[in-house]
Amino acid sequence: MRGRRPFNLLLATLIVTLVGALGCNLLPVPGAEPEMEFRARDDVIERGECTYLEWEVQGAEEYQVFLDGEQVGASGSESVCPGETTKYELVVGAPGGPYEESVVVQVESGPAPAPTTAAPTGESGPPVEVSLNRGDRSVAANTPIVLRLGWATDTAEQIADFLGSVELAVTLDGQPLENTGDYWSEVEEDRDSDEDGDTDYRTLWLYPVGVLGPGTHQVESEMRLQRPVTDGGDSDGDGVADEYSGTFDFSLQIVVGQ
């Protein structure tokens, strides 16, 4: 066997030389730089309005992600209602980093607010989500409000079918909200809400209306399904998935404190 040793040594030398010539592409590269997407849904707003920060980080499963110093998931969205032009930073603590992305939300004074909206008179609290289909809601003064509606299903395909069918019309104090169809989220995983042991999926409609003035505000909404859709459930136990179609009307009052 000794006679083969020079050949083995020569072969090893050739392999090392070849790897050196080709670079490290033949070997796994730990700690690759994560791919980051970070944006504001509206990067210019008027004072008293809100917008959403949205982010997605690829390759950050093992690393921590921070939005303005607070740890968040690798992807998500968050409502913000800055009182002045504000810079937001997304940081990923990965080897070779930290890696940072930033967005600026510009706040303009704009025209005088509509009668239903009050400019903040003090420090604003965190945004409060008010569901269209959960009845009346009381909200503290100077609190940014986000209207909300959700749809959950057994599969991502059923969410896509729902988004292709739904039309939503909403009025606040008799004034129609604009571009309501643009505020549905992408398909996202949800908890097992129907307790069937499988992951559920959902989409959320989140529409920031900002700070409303003290008093009672009327919200009327109409959700119309242009074709039948299903959420995958079987509420009557007949072995056939439930179907929904037609128009669904919701009405509520938002009472804002003094």
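No value in this document is a laboratory result; all are computed from the given coordinates. In this text, all values refer to a predicted model and were calculated from it rather than measured experimentally. Methodologically, a virtual Cβ is constructed for each residue, glycine included, from the backbone with ideal geometry; neighbour enumeration extends over all protein chains shown.
Remark: the Q258-E62 segment gains 65.9 nm on full extension, using 0.36 nm per residue and subtracting the alpha carbon distance. Between D42 and V240, what FRET efficiency comes out of the Förster formula 1/(1 + (r/R0)^6) with R0 = 45 Å and r the beta carbon distance, rounded to 0.05? Computed FRET efficiency for V240 and D42: 0.60. Distance between the modelled labels on E186 and Q226, one decimal in nanometres: 2.3 nm (7 Å Cα→Cβ projection). Residues V72, V104, V240, arranged from fewest to most other Cβ atoms within 10 angstrom of their Cβ, appear as V240, V104, V72. Sorted largest first, the spans of the alpha carbon positions of the range 33-111 along the three principal axes are 47, 18, 18 Å. Label sites at E78 and V104, each approximated as a point 7 angstrom past Cα along Cα to Cβ, lie 2.1 nm apart.
Taking every alpha-carbon pair under 8 Å whose residues sit at least 6 apart, the range 33-111 reaches a relative contact order of 37 percent.
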